[in-house]
Amino acid sequence: MNQKENREEWETIFRGILFIADANKHFNSQTLILPAKNAVISAIGDAVSHLFNHENKRVDLESPHFEQHFSVYSSDQIEARYLLTPAMMERLVDFVTKAKNRISLSFIDNNVYIAMSSNKNYFEPALFTSSDSLESVQAIAQDLQFVIDIVSDLDLNTRIWTKH
């Protein structure tokens, strides 16, 4: 008599850091900011955004430098520009340069969601290294500082508008 084994299987759907913060602004739209390396990726972004929400349309912004790094899709063109001020676009370009990884963002339900793809195992000691060695502790402290710096790098702790 053969019985199936009850086995748990894991599949990685995202590798990197997912960061969620209060956007410090009130908005009703959904705005997606995807990496844009070339026209093919931009076309894929168009297709993907329509799969998730038929209301999202590509937003053309006034910053060619920003659009070299990102493609923006939103259900409300005006709110997308409200969220992506020239200063915020500049901070995002600086951040993606600092992070040296692909960054995606979304503004949904008054929060900002930041996904940074990476193959690095953040907050884990290196294999074959003692987890309490100075090297391991320093590496984890650097990872933690990088995540904490997201708040200051993107100026997420400044409340300019009062939320209702």
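Against the list (1) surrounded by 13 or more Cβ atoms within 10 Å (Cβ to Cβ); (2) farther than 17 Å from ALA115 by Cβ; (3) modelled with pLDDT of 80 or more, the condition PHE70 fails is (2). Beta carbons closer than 6 Å, at least 6 apart along the sequence or on distinct chains, pair a first residue in region 71-99 that is closer than 19 Å to VAL151 by Cα with a second that is aromatic (Phe, Trp, Tyr) and open to solvent by less than 40 Å² (accessible area, probe 1.4 Å) for LEU83/PHE107; MET89/PHE66; VAL93/PHE66. Assuming ILE78 fulfils every condition listed in (1) more than 18 Å from PHE19 (Cβ to Cβ); (2) open to solvent by 30 Å² or more (accessible area, probe 1.4 Å); (3) at pLDDT below 90 apart from one, which condition is it? Result: ILE78 fails condition (3) only.
Residue-by-condition table, conditions (1) touching a Lys or Arg at 6+ places or on another chain (Cβ under 6 Å); (2) open to solvent by 50 Å² or more (accessible area, probe 1.4 Å); (3) at pLDDT 90 or above:
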residue: HIS26; (1), (2), (3): yes, yes, no
residue: GLN30; (1), (2), (3): no, yes, yes
residue: VAL40; (1), (2), (3): no, yes, no
residue: ASN56; (1), (2), (3): no, no, no
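The values are calculated or read from the model by the stated rules, or taken from the named source; none is laboratory data. Given the structure is predicted, the values throughout are model-derived calculations rather than measurements. Note that each Cβ is placed from the backbone with ideal geometry, even for glycine, and that neighbours are counted across all protein chains shown. For accessibility, only protein heavy atoms count, side chains too; no ligands or nucleic acids. Shrake-Rupley method; radii C 1.70, N 1.55, O 1.52, S 1.80 Å.
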